[in-house]
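No value in this document is a laboratory result; all are computed from the given coordinates. These numbers were taken from a predicted model, which means no experiment stands behind them. Ideal geometry is used to build each Cβ from the backbone, glycine not excepted, and the neighbour counts take in all protein chains shown.
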Amino acid sequence: MARGSFSRWLRENSQHYLMVGAHEQLARRYPGTRGPRRPHGPLELAWLRVFAPVYRALPWPLRHRILRAMPGSHRQTWAPPPAPRDPAV
């Protein structure tokens, strides 16, 4: 696996299965709403039935610490604003 690819895989899968889990919750809350397809295989079941509920149950300070510890785009900071310059003539 190339450097950084594991963290990218983890971030993409986390985001995907958290979204699918939220979709499931909405479908249960609003009868007649179509939910996502059923999970296929033990890996998808683990993401949806273990990871997503545990992640949602974590308090925000702990989630925030975990996010800050993971490498990825969420750790990039905003560039400082440009220095003021004289107006163009």
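Tabulated values for the structure
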quantity: Diffusion coefficient, µm² s⁻¹, Stokes-Einstein with Kirkwood Rh over alpha-carbon pairs of segment 5-72 at 10 °C and 1.306 mPa s; calculated: 121
quantity: Which of TYR30, TYR55 has the fewest Cβ neighbours within 10 Å, and the rest in rising order; calculated: TYR30, TYR55
quantity: Percentage relative contact order, segment 5-72, counting C-alpha pairs under 8 Å, at least six apart; calculated: 37
quantity: Fewest-first ranking of ARG28, ARG85, ARG11, using other Cβ atoms within 10 Å as the exposure measure; calculated: ARG85, ARG28, ARG11
quantity: Top positive-direction residue, dipole computed over the chain with Cβ charges, set PRO61, SER5, LEU26; calculated: LEU26
quantity: Angle between the chain longest axis and helix 60-69 axis [Cα atoms, degrees, rounded to 10]; calculated: 60
quantity: Order of TRP9, TRP47, TRP60 under a 10 Å beta carbon neighbour criterion, fewest first; calculated: TRP60, TRP9, TRP47
quantity: Residue-averaged [θ]222 nm for the chain, counting only DSSP H segments that reach four residues, each worth -39500 (n - 2.57); calculated: -16500 deg cm²/dmol
quantity: The chain: angle of helix 5-29 to the longest principal axis, Cα-based, in degrees nearest 10; calculated: 60
